[in-house]
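Asker: What follows is a single structure, and I will ask about it in a moment.
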Amino acid sequence: MVSSNGHTSDTRKMAFVCTKGTLDMAYPALVMGWAALGNGVDVTMFFAFWGLDIIRKTRQDHLEIAPVGNTSMKLSMMGIHADNLGIPNAVGVLPGMTALATKLMKDKMKALGVPTVGEYVQMLIDGGAKLYACKMSVDMMGIKREDFVDGLAGIVTASDFIDMTEGAQIVFI
Amino acid sequence: MTTRVLSGMTVEVNEEGFLLSPDAWTPELAVEIAREEGIEELTPAHWQVIEWCRKNAVNGRSPTLRQITAGTGLSTKELFALFPKGPAKKVARIAGLGKPEGCV
């Protein structure tokens, strides 16, 4: 609820469950989390499975996007105006294609002034978002606490996450 | 659009409480809006941000959070401490500017 002066009557809470580690699935969580913080919303983020890569120091700035099986990635993204012509899967499997698609996307985002994944995560932490890693995923993948960014609030179970997000709007990515 | 009386002046604001004309703004107005936003006293650090935003507004719109940190040299943490809960929007309102546009 927004009053005439823009104040929220109760602090709105949002929780983001981030389960994917590809570049195109990491950004929606980061952009929305940051937008929520910018609107005075209380933000909690829970990283599970591949989403853990977003908060792993050695992985977060090496997330990629693969052209194979990606029906939305068209040649027009590469500056070749060919309407609905995509990148054939047979071409997408060639060595270097994932790196190429990743570089293209990163260049486009850089041109727009979009922060890197690592910078975004730090901005979220500095802005007061609470970031948690999923315990089961961490145990399964054999990741250590020190592998994660320093501002991580903790490694918690799914049950803990449910407890701490009572009343929050939950966004699953 | 609606009007409000702030510091004895009648000003036009939009439905979200942002001043419609940055020219109608005065420092006294900023003090009063800041109080409404829960900031009892505007310190020199607050004024530094407010003045920077007024200087760098584009078409009357206040800069985004990241533009503010890059431009003022303040950290994200410091900005959230100065203007808790949504610093960019809060500064925009206090500085008499329009809501920032942009995702970062």
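Asker: For B:Gly71, state whether it is within 14 Å of chain A (Cβ to nearest Cβ), closer than 28 Å to A:Met32 by Cβ and in contact with a His (Cβ under 9 Å, 6 or more places away or on another chain).
Answerer: So B:Gly71 does not fit the description; no.
Asker: Within the range B:21-38, is there a residue that is more than 11 Å from chain A (Cβ to nearest Cβ), open to solvent by 70 Å² or more (accessible area, probe 1.4 Å), farther than 20 Å from A:Thr11 by Cα and modelled with pLDDT under 95?
Answerer: yes
Asker: Shifting gears a bit: Those residues that are within 11 Å of chain B (Cβ to nearest Cβ) and either of a type outside the set (A, V, I, L, M, F, W, C) or surrounded by fewer than 22 Cβ atoms within 10 Å (Cβ to Cβ) (or both), I need them from the range A:111-138; list them, please.
Answerer: A:Leu112, A:Gly113, A:Val114, A:Pro115, A:Glu119, A:Tyr120, A:Gln122, A:Ile125, A:Asp126, A:Gly127, A:Gly128
Asker: What are the residues in the range A:75-96 that are part of a loop (DSSP other than H, G, I, E, B) and open to solvent by less than 80 Å² (accessible area, probe 1.4 Å), if any? Please lay out each step first, then the result.
Answerer: At the first step, the residues of the range A:75-96 found to be part of a loop (DSSP other than H, G, I, E, B) are A:79-85, A:87-88, A:93-96.
A:Gly79, A:Ala82, A:Ile87, A:Pro88, A:Gly96, listed by residue number.
Asker: So is B:Thr3 open to solvent by 70 Å² or more (accessible area, probe 1.4 Å), within 12 Å of chain A (Cβ to nearest Cβ) and part of a strand (DSSP E or B) or not?
Answerer: So B:Thr3 passes the test.
Asker: In this structure, does B:Glu51 turn out to be away from chain A (no Cβ under 12 Å), open to solvent by 70 Å² or more (accessible area, probe 1.4 Å), assigned to a helix (DSSP H, G or I) and at pLDDT 95 or above?
Answerer: The answer is yes for B:Glu51.
Asker: From (1) touching a residue at least 60 places away in the same chain (Cβ under 8 Å); (2) away from chain B (no Cβ under 14 Å); (3) in contact with a helix residue (DSSP H, G or I) (Cβ under 8 Å, 6 or more places away or on another chain); (4) not in a loop (DSSP other than H, G, I, E, B), pick out the condition that doesn't hold for A:Leu104.
Answerer: For A:Leu104, the exception is condition (1).
Asker: Hey, can you tell me all the residues within the range B:81-104 that are open to solvent by less than 10 Å² (accessible area, probe 1.4 Å), within 18 Å of B:Ser21 (Cβ to Cβ) and part of a loop (DSSP other than H, G, I, E, B)?
Answerer: Once the filter is applied, which keeps residues that are open to solvent by less than 10 Å² (accessible area, probe 1.4 Å), within 18 Å of B:Ser21 (Cβ to Cβ) and part of a loop (DSSP other than H, G, I, E, B), the range B:81-104 yields B:Ala95, B:Gly96, B:Leu97.
Asker: Of the conditions (1) part of a helix (DSSP H, G or I); (2) away from every other protein chain (no Cβ under 11 Å); (3) of a type in the set (Asp, Glu), B:Glu78 fails just one. Which one is it?
Answerer: Unmet for B:Glu78, out of (1) part of a helix (DSSP H, G or I); (2) away from every other protein chain (no Cβ under 11 Å); (3) of a type in the set (Asp, Glu): (2).
Asker: Answer yes or no as to whether A:Trp34 is aromatic (Phe, Trp, Tyr) and open to solvent by 20 Å² or more (accessible area, probe 1.4 Å).
Answerer: In short, no.
Asker: Looking at the range A:13-31, which of its residues are surrounded by fewer than 22 Cβ atoms within 10 Å (Cβ to Cβ) and either touching a strand residue (DSSP E or B) at 6+ places or on another chain (Cβ under 7 Å) or part of a helix (DSSP H, G or I) (or both)?
Answerer: A:Lys13, A:Met14, A:Val17, A:Leu23, A:Asp24, A:Met25, A:Tyr27, A:Pro28, A:Val31
Asker: Are any residues in the range A:137-171 without any contact (Cβ under 8 Å) to a residue 24 or more places away in the chain, under 13 Å from A:Phe49 (Cα atoms) and part of a loop (DSSP other than H, G, I, E, B), and if so, which ones?
Answerer: A:Gly142, A:Thr157
The values are calculated or read from the model by the stated rules, or taken from the named source; none is laboratory data. What you see is a predicted model; the values in this text were computed from it and never measured. Methodologically, a virtual Cβ is constructed for each residue, glycine included, from the backbone with ideal geometry; neighbour enumeration extends over all protein chains shown. Heads up: the accessible areas ignore ligands, DNA and RNA and are worked out on the full protein's heavy atoms, side chains in. Shrake-Rupley method; radii C 1.70, N 1.55, O 1.52, S 1.80 Å.
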